[in-house]
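**Q** Mind looking over this structure? Questions follow.
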Amino acid sequence: FFFIQEYIIYYFFAVISALLVFIWFYTHHRCRLRRNTNEAAASKTADALTMSVAVFFVELFFVIADWIGFYNIGTTRARIQLIDVSRVASLLALFYFFVLVLRKYQKIREKEEEERVEIYNQPLTPDNIYQDLSLDPFKFYKSVLVFASQFILFTIYDSAFFDLLSNLRMDAESGFAISLRNGWRGWVYFISATMIMMQFVINTGFSKSFRDSTNFWGSAIAFHRDPKNHTSYKSRISIMILFFFDTTVNTQMLVFLVTIIPFVATFGNEPIDFVLNLVAALYILELDDFPAPRQEPPPVHLHVNHNRDITFDSDDQTNENDDEEFFNEDVR
């Protein structure tokens with residue numbers, strides 16, 4: 001029965017994937033022709049719309065599956081496992097990622113030597129610490145440590161899903177599992193978490209990051225497997241380990257958590273649990289990100305005007321007031 005349920009989910013995601021491709025190309029075409037935007041802006045708009053719609057469709061399928069609740073095959077009655085929706089979504093995303101990386105790798109290998117050298121000379125921009133291929137011992141150790149932390153946190157978080165599923169007894173046939181524990185508040189949590197996840201995939205640029213990662217790893221693997229580059233066997237193993245870390249965290253874990261969080265968030269005992277669930281999941285996903293560059297705020301200079309009142313001017317206005325006093329000790 002488990003396999004029948006998974007086949008239905010696979011079919012659903014195949015239809016949704018085709019629809020999302022159509023939405024992306026339609027949005028991109030509309031932006032390019034009717035709004036006269038450049039390629040980067042059109043792609044960014046299409047990515048944002050497509051990814052938010054993808055999250056919406058997945059959560060809509062959660063609602064439909066929760067509404068159906070149970071299904072009968074002969075004399076056997078089984079409950080639809082909502083966690084399978086997230087599991088299938090993450091596996092399909094992982095499979096698609098590997099296909100794109102392999103296509104990029106094969107495309108580079110089929111080119112002439114001069115074209116390959118030109119591709120290899122193009123700089124690659126890493127998106128997270130797992131894509132730092134300098135293979136510095138300390139940085140590699142840090143990557144291993146971060147992955148171990150993310151994997152442990154994800155495992156703990158994942159174990160909570162099965163505890164929730166064990167609470168969905170066969171006698172809970174009336175109503176939705178989403179509102180099983182908190183009633184109408186469960187729907188508020190579910191809708192709020194869905195909108196937050198839609199905003200999350202837009203802000204993080206998941207679609208662009210997904211494409212950039214496939215190009216990054218396809219190019220990197222092709223370079224280090226090229227016999228003319230004389231990459232050591234040890235370096236190849238280290239790079240494949242980083243590749244495994246990146247795909248596990250930023251593809252499989254990310255898709256799984258983004259799709260399951262709205263459902264899990266409905267089971268909090270207290271309203272604060274809803275917030276903690278969201279913060280915990282987002283923390284797991286962002287643990288491998290590069291730290292944001294620290295920008296010092298512009299200095300604030302004190303000036304005294306002719307009315308003896310203290311004013312605050314920005315840095316670019318300081319040169320215009322050289323004749324004024326920087327700080328007047330007579331001000332009271």
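**Q** Just the residues that are of a type in the set (A, V, I, L, M, F, W, C), in a helix (DSSP H, G or I) and in contact with a Gly (Cβ under 7 Å, 6 or more places away or on another chain), please, taken from segment 79-107.
**A** From segment 79-107, those of a type in the set (A, V, I, L, M, F, W, C) are 80, 82-83, 85, 88-89, 91-95, 97-102; that's our starting set.
Subset that is in a helix (DSSP H, G or I): 83, 85, 88-89, 91-95, 97-102.
Matches in segment 79-107: VAL101 only.
**Q** Which ones in segment 122-143 are open to solvent by 60 Å² or more (accessible area, probe 1.4 Å) and aliphatic (A, V, I, L, M)?
**A** Selection gives LEU124 alone.
**Q** Also: What helices (runs of 4 or more DSSP H), lying completely within segment 197-282, carry at least 3 residues that are among the polar types (S, T, N, Q) and open to solvent by less than 70 Å² (accessible area, probe 1.4 Å)? Break it down stepwise before answering.
**A** Working: elements: 206-224, 233-247, 254-264.
Qualifying helices (runs of 4 or more DSSP H): 206-224, 233-247.
**Q** Where residues in segment 8-27 are touching a residue at least 60 places away in the same chain (Cβ under 8 Å) and more than 20 Å from the chain's Cα centre (by Cα), which of them is surrounded by the fewest Cβ atoms within 10 Å (Cβ to Cβ)?
**A** The residue in question is TYR10.
**Q** May I ask you to verify whether LEU153 is in contact with a Leu (Cβ under 9 Å, 6 or more places away or on another chain), at pLDDT 70 or above and assigned to a loop (DSSP other than H, G, I, E, B)? Working first, answer last.
**A** Details: in contact with a Leu (Cβ under 9 Å, 6 or more places away or on another chain): yes; at pLDDT 70 or above: yes; assigned to a loop (DSSP other than H, G, I, E, B): no.
For LEU153, the condition - in contact with a Leu (Cβ under 9 Å, 6 or more places away or on another chain), at pLDDT 70 or above and assigned to a loop (DSSP other than H, G, I, E, B) - is not met.
**Q** Next question, about the same structure. Does segment 182-189 contain at least one residue that is open to solvent by 70 Å² or more (accessible area, probe 1.4 Å), modelled with pLDDT of 90 or more and of a type outside the set (Ser, Thr, Tyr)?
**A** Within segment 182-189 (the criterion being open to solvent by 70 Å² or more (accessible area, probe 1.4 Å), modelled with pLDDT of 90 or more and of a type outside the set (Ser, Thr, Tyr)), the answer is no, since none of the residues qualifies.
**Q** In segment 203-258, how many are within 21 Å of TYR283 (Cα to Cα) and either in contact with a Pro (Cβ under 7 Å, 6 or more places away or on another chain) or β-branched (Val, Ile, Thr) (or both)?
**A** 7
**Q** Would you be able to say whether some residue in segment 104-121 is modelled with pLDDT under 85, of a type in the set (S, T, N, Q) and open to solvent by 40 Å² or more (accessible area, probe 1.4 Å)?
**A** No: segment 104-121 contains no residue that is modelled with pLDDT under 85, of a type in the set (S, T, N, Q) and open to solvent by 40 Å² or more (accessible area, probe 1.4 Å).
**Q** If I go through segment 28-52 residue by residue, how many of them are of a type outside the set (A, V, I, L, M), open to solvent by 40 Å² or more (accessible area, probe 1.4 Å) and touching a Ser or Thr at 6+ places or on another chain (Cβ under 7 Å)? Full working, then the answer.
**A** First, pick out the residues of segment 28-52 that are of a type outside the set (A, V, I, L, M): 28-32, 34-39, 43-45, 47, 50, 52.
With open to solvent by 40 Å² or more (accessible area, probe 1.4 Å) added as a condition, the list becomes 29-30, 32, 34-39, 44-45.
Then drop every residue that is not touching a Ser or Thr at 6+ places or on another chain (Cβ under 7 Å), which leaves 45.
Result for segment 28-52: 1.
The values are calculated or read from the model by the stated rules, or taken from the named source; none is laboratory data. Note that the structure is predicted; figures quoted are calculated from it, not measured. Backbone-built Cβ (ideal geometry, glycine too); neighbour counts: all protein chains shown. With ligands, DNA and RNA removed, areas are computed over all heavy atoms of the protein, side chains included. Shrake-Rupley method; radii C 1.70, N 1.55, O 1.52, S 1.80 Å.
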